[in-house]
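Notes to accompany the following structure.
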Amino acid sequence: MSDAVTTLDVDALERYFAKALPSLAGPLSADKFGGGQSNPTFLLSSGKRRWVLRRQPPGKLLKSAHAVDREFRVMQALAETEVPVPRVLHLCEDPAVIGSLFYVMDFVEGRIFWRPALQELPREERGAIFDAMNRALAALHGVDPAAVGLADFGRPGNYFARQLSRWSEQYRLSETEKRPDMDRLIAWLEQTLPADDGRVAIVHGDYRLDNMIFAPDSPRILAIIDWELSTLGHPFADLAYQCMQWRLPDEGVFRGLGDLDRRAHGLPSEEDYVAAYCRRLGVGALPHWTFYLAFSYFRMAAILQGVLKRALDGNASNPERGLKMGEAVPLLVRMAVELVDEKG
């Protein structure tokens, strides 16, 4: 694995910041965060001051992947909305500085919950965390992209058709073995693709609990992070993706709710969560829910297949975890096929 995945050229950064971002000038230290499989992320420190740097990984990258410039742009655009995002400070588009594109944002101090069952919280506090997630998702999908300068943040046309084409191609480019169930799933999605209903919103693309930083003493979300997959798309894709996470088991690389009795644990049911979202956005029942969920499984499987390929190629952010995440691809595909067989 390249050292550039796990280390930064701090001397080069100090020289660059002295000219491009004087507020960060001074002796720096850099420590890599352990999470994340796509864009290596580092904590920058100078005395008591702290920031976060996210960069593209080194090596050959798949087309449109690792778009740190898009992450920077969407967070900058959302800064004055009700959507909580970190304050972004600087985007460097010159790969010569440290070997790839990168951006810097404020470090946000708060709580990150890694498991949606929220076992570390009292039962009576758990529902408020989920309600905060729901409120923030509705707020994001309620933002007018044109009003915040993101009218061109995604291509026009059927979002699911575009995404299905993109991730099918990405999957094929990173395929390491033939999976007949994946071929069957892709064929079903192509045949069942809903007509474009005209809904367009800013979608996060990886909307889940551990991509949020909560206040230390309340359920308030201070920042939603990891916007690499954000684009203009169909809002129900984000909702289905989150609900898919809740259906996954709490084992292996997944931190799902599986067969957990949510009400007994103070958590909303999937139906209640979806209903609250619909109330906040003023929409009725969601058609094509099986398609949205199956698509979410497919897309996650394609993403993890890419992680596996990078791990095998030696340029993953965390190669050992990358290999383990790749092992989850068959489970995702199987769950999607079972869902289609049951509901489709």
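To keep it simple, each residue is scored yes or no on (1) of a type outside the set (G, A, S); (2) more than 16 Å from F291 (Cα to Cα).
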| residue | (1), (2) |
| --- | --- |
| A132 | no, yes |
| G157 | no, yes |
| L164 | yes, no |
| R179 | yes, yes |
| D238 | yes, no |
- Failed item in (1) in contact with a Lys or Arg (Cβ under 7 Å, 6 or more places away or on another chain); (2) of a type in the set (S, T, Y); (3) closer than 14 Å to I224 by Cβ, with T81 passing the rest: (1)
- Item | Which numbered condition I112 misses (of (1) of a type outside the set (D, E); (2) buried (at least 21 other Cβ atoms within 10 Å of the Cβ); (3) closer than 24 Å to K48 by Cβ) | (2)
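Can you pull out the strands (runs of 3 or more DSSP E) entirely within segment 152-250 that have at least 2 residues that are farther than 19 Å from R70 by Cβ?
Passing ranges, in order: 212-214, 221-224.
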- Message: Tell me the residue from V329, V274, V283, V307 that is under 29 Å from E71 (Cβ atoms) and surrounded by fewer than 16 Cβ atoms within 10 Å (Cβ to Cβ), please.
- Response: V283
- Message: Can you say whether T231 is of a type in the set (S, T, Y) and touching a strand residue (DSSP E or B) at 6+ places or on another chain (Cβ under 7 Å), as far as the supplied structure shows?
- Response: yes
- Task: Go through segment 289-301 and give me each residue that's within 20 Å of D272 (Cβ to Cβ) and over 17 Å from the mean Cα position of the chain (by Cα).
- Result: W289, T290
- Residues in segment 227-241 that are buried (at least 23 other Cβ atoms within 10 Å of the Cβ), closer than 14 Å to S296 by Cα and under 11 Å from the mean Cα position of the chain (by Cα) total 2
- Of the conditions (1) surrounded by fewer than 20 Cβ atoms within 10 Å (Cβ to Cβ); (2) touching a strand residue (DSSP E or B) at 6+ places or on another chain (Cβ under 7 Å), I224 clears all except one; give me its number. (1)
- Message: Quick check on segment 86-104. Is at least one of its residues over 17 Å from V52 (Cβ atoms) and within 17 Å of the chain's Cα centre (by Cα)?
- Response: no
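Read the figures in this text as sums done on the coordinates, not as results from a lab. Note that the structure is predicted; figures quoted are calculated from it, not measured. Counting neighbours? That spans all protein chains shown, and the Cβs are built from the backbone with ideal geometry, glycine included.
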